1. Could you list, ordered by first residue, the pairs with Cβ atoms under 7 Å in which the first is in segment 301-327 and without any contact (Cβ under 8 Å) to a residue 12 or more places away in the chain and over 11 Å from H7 (Cβ atoms) and the second is within 16 Å of ligand 2 (Cβ to nearest atom) and of a type in the set (K, R), at least 6 apart or interchain?
2. Name the one entry in R260, R220 that is within 16 Å of ligand 1 (Cβ to nearest atom), more than 26 Å from V549 (Cα to Cα) and assigned by TED's automatic domain parsing to the domain that holds V184.
3. Tally the residues that are in a helix (DSSP H, G or I), away from ligand 1 (no atom under 11 Å from the Cβ) and basic (K, R), restricting the search to segment 334-372.
4. Please enumerate the residues belonging to segment 185-222 that are part of a loop (DSSP other than H, G, I, E, B) and among the hydrophobic types (A, V, I, L, M, F, W, C).
5. Which condition number in (1) of a type outside the set (S, T, Y); (2) within 13 Å of ligand 2 (Cβ to nearest atom); (3) in a loop (DSSP other than H, G, I, E, B) is the one that N331 fails?
6. Can you tell me which residue within segment 26-43, out of those that are hydrophobic (A, V, I, L, M, F, W, C) and surrounded by fewer than 21 Cβ atoms within 10 Å (Cβ to Cβ), is nearest to the chain's Cα centre (by Cα)?
7. What pairs come up if the first residue lies in segment 368-386 and is outside the structural domain of E631 (by TED's automatic domain parsing), the second is crowded, with 24+ Cβ neighbours inside 10 Å, and their beta carbons are under 6 Å apart, counting only those six or more places apart or on different chains?
8. Within segment 286-340, can you find the residues that are more than 27 Å from L221 (Cβ to Cβ) and either among the aromatic types (F, W, Y) or assigned by TED's automatic domain parsing to the domain that holds K440 (or both)?
Amino acid sequence: MHSRFPHIFTPLKIRNMEMRNRIAISGHHAGWWIQDGMPSDEFAAYIEERAKGGVGLFVIGCTSPKPGSGWLENVSDAVIPRYQMCVDAAHRHGTPLVAQLCHPGLWPSRGIPLTLPVPSAKGIQPVPRHPAGKKEYTTAELEDMVESFGIAAGRCAAGGVDGVELHSHEWFLHSSILNPMWNVRTDKYGGSLENRMRFMVETLTAMRNAVGPDLVVGVRLKADDMEQRGNDADEMAKVIASLEAQKLVDYVLLTGGDARLHHGPMPRAENEWLPIVAEHKAKTTLPIFHAGRIMTAESAELALAEGAMDVVVMTKAHIAEPHFVKKVFENRMEDIRYCTRCLQGCHGKMELMSCVYNPLTSRELEWASTPAASVKKKIVIVGGGPAGCEAALTAAGRGHEVIVLERGTELGGQVLTGSNSPTRKPWRNIAEFYQRQAAKGVFQVRLQTEATAETVLAENPDAVIIATGSAPNRFCTGSRTTTTVHEAIEGALDHAKRVLILDREGFMRPWVVADRLTALGIEVVFVTPLLKLSPQAEGWTLDELLRTVGGYTVEGKDVSVPNPAHPEKRPPMTFQVGFEVGSWLEDNTVILRDVQRGTEITVSDIDGIVAAVGSSSVNDLADNLRGKVPELHVIGDAVAPANVENATYQGARLGREI
Ligand SMILES: Cc1cc2nc3c(=O)[nH]c(=O)nc-3n(C[C@H](O)[C@H](O)[C@H](O)COP(=O)(O)O)c2cc1C
Ligand code: SF4
């Protein structure tokens, strides 16, 4: 028995599937895991890395039994050897593998309140979820669909999986047929709960018949639909009870609501749905799994100890840290890259999914083994931001002697600025990971050290890496001084009453400012010349920011699912999308110009303007060292200002090659 995490390290057997611990990775999806519609070699390597890392179960994500989904597809026997490849990758290291089946359905609009109500230059519109040419399925088409799920499950079994899982979650086909908000059918699949469940029941029956009695059949359901109010927790309890009575499933994987509510962007609380999951668990004897931003071993252990669930799903935790379970088992918490719930590198990039600060993620095939350096070098890295730190970690891991010179009081660079507002605290996880690694002695650090050519040369390095980052540009409007995003985040406008944020970047920095200011009760007018609000921001994060930070309402009513992490009421932000700042007059009036029509409007009482107008690289030191050291490299924002993922990728790439 594990002394610190006894519940996590208690095995679980479901039918013939043996889990060595209670941590699972639920289905998730990335474009570059798909080759000819089927699992790619890259995906098998991704699975294998997590199996090596000790996870108790891996579920292959959305796989459609019909062509045309754009996801993984299980539409011919060609998929069988591809499943076999994934199974072998998982089994080699003792992890069972379950294959999820799902059909996207019609992608219905989610009803009121609409999610992603992003103000745009064209007004507020529901997100179109009815791709052209899609239609309501006929009864016969649904019956055919049931058969396809059965055939697909049979292929999963032929590929050697330990189980199959039906996805009835989000707004995909099974979930939309279960929910009376979306299902207005009058045939045997519409109307009463029994009728709305029929499609799921028939599908699960077909899947069970196809896989036989030894394999596990699971289902993924919402604990409560949260927003549509069609399948609330009471109705979902009835669904679970019915599935249990009919002996149709061996486990139920529960998630809270749709979209942002279950993906759990940073502004929402960790472990948010535990109480509702615990209520479901108390009403059934079926093993309950739960995926919902459980990010630490301590929370997982507590959830299991309190009997809230049988298996803790930690998916993003494993996107960021493939060896999470192994490190927990070995009590090596300082080596864990804890997920920040930024959703930026994973869900936000779906097709090229990775992690903002684990460049190994999705590059396992190429990068999983790091060759030791053939020639050991002394490397001086200037700048302890994400680029410099990742380079330091990777190079030190290969046997080089690495010294990081950082002028600040702690490692982290711009991550420290980016985490300096109420909803952004988890972003600090990135800095703290590198700080723990330095404290452990993986690489050396000299803090509060302003590097010059002389101090660098005095170290007599074999190689120098310049990772000195970038500085934000200042926006000029007439004679009045505007504030940079960094100055505002550090408190320069904390005394203001009404601030205008100009965003020409379309990403996260202005939101960190808005978060800080609205939390202080300061009114914010958000102006962007872009024709869409924050197009580079991850969608669910933006959706939640609009509510938590922006005080978003529909016709004056707060329609948000309350966010217990940030219950404070903030002044609603106003948005001017498609406008540029003209001038800021002495009486605090700002003239805005419509970028398409050239017409002007004014906003009054603006006592501060913060402008997110790009950054400029800081790399003078590289010029001073060129030709004076055997090897000189410049990485991250010091080359071209971009984002953390770009910085850590460049750091890792150089660290592997140097
Ligand atoms: C990139 C990405 C893709 C996902 N794709 C799927 C999927 O195919 N099927 C599924 O059931 N859930 C999918 N999910 C949701 C996860 O299974 C999980 O419910 C979610 O990440 C919340 O759990 P966590 O907080 O432990 O990460 C996806 C999540 C991410 C981040
Ligand atoms: S990209 Fe962000 S949310 Fe995704 S795994 Fe990495 S830290 Fe977590």
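1. none
2. Just a single option satisfies the conditions, and that option is R220.
3. Qualifying residue count, segment 334-372: 0.
4. Scanning segment 185-222 gives a single hit, L215.
5. Here N331 meets the rest and fails (2).
6. By that ranking, first place goes to W32.
7. none
8. Hits for segment 286-340 are F329, Y338.
The values are calculated or read from the model by the stated rules, or taken from the named source; none is laboratory data. Remember, predicted model here, so these are calculated numbers, not experimental data. Note that each Cβ is placed from the backbone with ideal geometry, even for glycine, and that neighbours are counted across all protein chains shown.
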